[in-house]
């Protein structure tokens with residue numbers, strides 16, 4: 001082998017070694033860049049997911065608050081409107097009972113100007129009087145007429161005496177659906193014209209049903 005061939009061989013080996021070293025260096029540099037890129041991509045994706053989740057949380061919170069407000073509004077509206085519905089139902093039921101009592105027993109009078117209707121659960125009694133109500137024929141009493149005395153807003157109904165007779169009315173402190181409060185905005189006494197309050201719409205529900213009833217008396 002002459003000197004030129006030897007030098008060419010060594011040059012070729014050196015060139016190959018250089019290329020190999022350069023290749024290794026390039027790969028070594030590329031790996032961290034690729035790794036860093038993957039990390040950046042992962043972080044970017046995670047940030048987007050986190051942002052989307054936060055937006056969803058905000059939307060869900062707003063929707064929940066809206067639902068709660070709607071539910072509360074509906075509940076308050078139903079509570080407000082249910083007062084008159086309950087009163088009309090009770091007035092009709094008790095009016096029927098007092099008509100039956102008058103037909104069989106004969107209602108003569110009531111002892112007080114304001115009489116609480118807390119005696120319709122009574123089964124029997126000794127005298128001619130029950131709950132302040134005086135009867136002509138106590139033996140025809142068919143009570144108890146209710147298992148529980150009707151109440152509205154935890155208050156008993158009342159029988160009040162006026163110049164025009166006795167009337168069954170919601171108890172003192174009851175708030176009507178109109179917002180009027182019995183005993184504050186609507187006061188019952190001997191001079192109260194109950195019929196006029198019914199005719200002018202003060203004591204009726206939205207359908208025109210009266211929130212009071214006259215008590216029948218024996219003739």
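Any chance you could count how many residues in segment 156-178 are surrounded by fewer than 16 Cβ atoms within 10 Å (Cβ to Cβ) and touching a strand residue (DSSP E or B) at 6+ places or on another chain (Cβ under 9 Å)? Step through it out loud before you land on a result.
Keep residues of segment 156-178 that are surrounded by fewer than 16 Cβ atoms within 10 Å (Cβ to Cβ), which gives 163-165, 173.
Within this subset, residues satisfying the condition of being touching a strand residue (DSSP E or B) at 6+ places or on another chain (Cβ under 9 Å) are 164-165, 173.
Residues meeting the conditions: 3.
In the list 76, 72, 108, which residue meets the criterion of being under 30 Å from residue 140 (Cα atoms) and either modelled with pLDDT under 75 or outside any helix (DSSP H, G or I) (or both)? So the residue among 76, 72, 108 that is under 30 Å from residue 140 (Cα atoms) and either modelled with pLDDT under 75 or outside any helix (DSSP H, G or I) (or both) is 108.
Taken over segment 179-201, the criterion of being crowded, with 16+ Cβ neighbours inside 10 Å and in contact with a helix residue (DSSP H, G or I) (Cβ under 9 Å, 6 or more places away or on another chain) is satisfied by 186, 188. Within segment 87-140, being surrounded by 14 or more Cβ atoms within 10 Å (Cβ to Cβ), more than 20 Å from residue 188 (Cβ to Cβ) and in contact with a strand residue (DSSP E or B) (Cβ under 7 Å, 6 or more places away or on another chain) holds for 101, 105, 106, 108, 122, 128, 134, 135.
Would you confirm whether or not segment 188-204 contains a residue that is within 19 Å of residue 131 (Cβ to Cβ), in contact with a strand residue (DSSP E or B) (Cβ under 6 Å, 6 or more places away or on another chain), at pLDDT 95 or above and in a loop (DSSP other than H, G, I, E, B)? Within segment 188-204, one or more residues are within 19 Å of residue 131 (Cβ to Cβ), in contact with a strand residue (DSSP E or B) (Cβ under 6 Å, 6 or more places away or on another chain), at pLDDT 95 or above and in a loop (DSSP other than H, G, I, E, B).
If you filter segment 142-155 down to residues that are in contact with a helix residue (DSSP H, G or I) (Cβ under 8 Å, 6 or more places away or on another chain) and buried (at least 18 other Cβ atoms within 10 Å of the Cβ), you find that the one that is nearest to residue 196 (Cα to Cα) is 152.
A quick yes/no check of all residues on (1) more than 22 Å from residue 87 (Cα to Cα); (2) in contact (Cβ under 8 Å) with a residue 24 or more places away in the chain:
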| position | (1), (2) |
| --- | --- |
| 109 | yes, yes |
| 127 | yes, no |
| 137 | yes, yes |
| 162 | no, yes |
| 185 | no, no |
| 200 | no, no |
| 205 | no, yes |
| 212 | no, yes |
| 215 | no, yes |
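The values are calculated or read from the model by the stated rules, or taken from the named source; none is laboratory data. A quick note: this is a predicted structure, and the numbers were derived from the prediction, not measured. Cβ sites come from the backbone with ideal geometry, for glycine too, and all protein chains shown count toward neighbours.
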